[in-house]
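Trainee: I'd like to ask you about the structure that follows.
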Amino acid sequence: MPARQRILILDDEHDILEIYQEILARLPSQPEIHTSDTGSRAIALLESDPFNLLLVDLRMPQMDGFQVLAIVRRKFPTLRVVVMTAMEDEQFRARAYAMDIDLYIEKPKTGKEIINFVDCIESMLEKEDSGGFRGVQSKTLVDIVQLECLTQSSAILKIASAHGEGRIWIQRGEIIDAATGECLGKEAFLEMLRWKAGSFEILPNEVPRPRTIFSSYESLLMETAQTIDETESDRPPAEEENPLAGFARYKGVQMVVAVDGTDPTKVEHWGSDNAEELAAWVHHTTRALHAVGERLEGGPLEQIEALGPQRHLAVISSDTQDLAVGFTRSATLPYIRETMKQIEAKWVS
């Protein structure tokens, strides 16, 4: 069984520490949560035990957040770091990203902001095998854009890779323009999101930029996932060990479980820690609903949707197999339904 990931939260306010310790303890990955109210104690904890993620406030007495970041980046260069602050200051934000942090996020105030915050932290803990961009290490540019949009930021992503350079303009969590080479707008955005690795820089969005992209970032990322999926569909099957892993290209998908329609013990899964239990529930529920539909002459079962405290779940069913897909809690019901249409089309093909 893999070891639990470990998070260290640094903030001088004890009430804040207790709140975030309770919130993050409920993450699906169930990490170990440790806290510190001083920079010096946080450094000591990092030196004594390995951590996967550090959350640090900027405004603290004695040793402030920037001093902590300077030490952390020198002593622990691979540690993922999230700045969590109440200060709305673009200069502070740019300065923090210049110190190679992974994410700069304002402390959430509303229920929706808390959900987005939790999803961002869970995303930071998810492991990828290779590639990725400097800053959010082992993450794709899709992940980086999603994090910026979820946190409702206004910034310019300056991106450099072996394929070229480009910029993405984000205004209050919405993508308004993009440019790379001679490509502009949506075409440039889709081109850059094909890039597998490189580096990025966060620049303040101080000069007004005319809007050329009017689609929501969810729609853009979904279209990108489809494009990447089509591009990579010609790969030899041996290159993809688990065919269900391909559905992870759709934004918000956390796990997939496929269940044989006649034998619930025949299960294929990706990203699920309790695949057998979920498969049994899916099989029982879909067969029961199929029977109800036949009895009431209500037509065939199309889809099951369940909104839960840790993740949302959607199930599509056929005579031979059921497919359950888990989404992050921030995924809206219209988005889940639209994504499931794309997944179903790919699944049946």
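The values are calculated or read from the model by the stated rules, or taken from the named source; none is laboratory data. Here the structure is a predicted model, which is why all the values come from computation and not from measurement. For neighbour counting, all protein chains shown are included, and Cβ atoms are generated from backbone atoms with ideal geometry for every residue, glycine included.
Trainee: Can you name the strands (runs of 3 or more DSSP E) wholly within the range 255-349 that have at least 3 residues being outside the structural domain of SER219 (by TED's automatic domain parsing) and either out of contact with any strand residue (DSSP E or B) (no Cβ under 6 Å at 6 or more places or on another chain) or within 26 Å of ARG26 (Cα to Cα) (or both)?
Mentor: 304-307, 312-317, 321-327
Trainee: Do we have LEU184 as at negative phi and surrounded by fewer than 21 Cβ atoms within 10 Å (Cβ to Cβ) here?
Mentor: Spelling it out, LEU184 is indeed at negative phi and surrounded by fewer than 21 Cβ atoms within 10 Å (Cβ to Cβ).
The rows are residues; the columns are (1) more than 30 Å from SER216 (Cα to Cα); (2) of a type outside the set (Asp, Glu).
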site	(1), (2)
MET255	no, yes
VAL282	yes, yes
GLY299	yes, yes
GLU302	no, no
GLU305	no, no
GLY326	no, yes
ALA331	no, yes
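Trainee: List the number of the failed condition for PHE189; all other conditions in (1) under 17 Å from the mean Cα position of the chain (by Cα); (2) modelled with pLDDT of 85 or more; (3) not polar (S, T, N, Q) hold.
Mentor: Evaluating PHE189 over (1) under 17 Å from the mean Cα position of the chain (by Cα); (2) modelled with pLDDT of 85 or more; (3) not polar (S, T, N, Q) leaves (1) as the failure.
Trainee: Given the conditions (1) assigned to a loop (DSSP other than H, G, I, E, B); (2) at pLDDT below 85, report the number of the one that ARG209 does not fulfil.
Mentor: Condition not satisfied by ARG209: (2).
Trainee: For the range 306-320, enumerate the residues that are in contact with an Asp or Glu (Cβ under 8 Å, 6 or more places away or on another chain), at pLDDT below 90 and surrounded by 14 or more Cβ atoms within 10 Å (Cβ to Cβ).
Mentor: HIS312
Trainee: Here is a list: ALA275, ALA280, ALA291. Which entry is touching a Ser or Thr at 6+ places or on another chain (Cβ under 9 Å), farther than 25 Å from GLN146 by Cα and among the small types (Gly, Ala, Ser)?
Mentor: Every option except ALA280 fails the conditions.
Trainee: SER40: surrounded by 19 or more Cβ atoms within 10 Å (Cβ to Cβ) and either touching a helix residue (DSSP H, G or I) at 6+ places or on another chain (Cβ under 7 Å) or closer than 25 Å to ARG95 by Cα (or both), yes or no?
Mentor: It is false that SER40 is surrounded by 19 or more Cβ atoms within 10 Å (Cβ to Cβ) and either touching a helix residue (DSSP H, G or I) at 6+ places or on another chain (Cβ under 7 Å) or closer than 25 Å to ARG95 by Cα (or both).
Listed here are the residues, each with its yes/no results for (1) basic (Lys, Arg); (2) surrounded by 18 or more Cβ atoms within 10 Å (Cβ to Cβ).
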site: GLU32; (1), (2): no, no
site: LEU45; (1), (2): no, no
site: ASN52; (1), (2): no, yes
site: ARG59; (1), (2): yes, no
site: LEU69; (1), (2): no, yes
site: MET84; (1), (2): no, yes
site: ARG93; (1), (2): yes, yes
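Trainee: If you check VAL259 against the conditions, is it of a type in the set (A, V, I, L, M) and more than 30 Å from TYR217 (Cβ to Cβ)?
Mentor: It is true that VAL259 is of a type in the set (A, V, I, L, M) and more than 30 Å from TYR217 (Cβ to Cβ).
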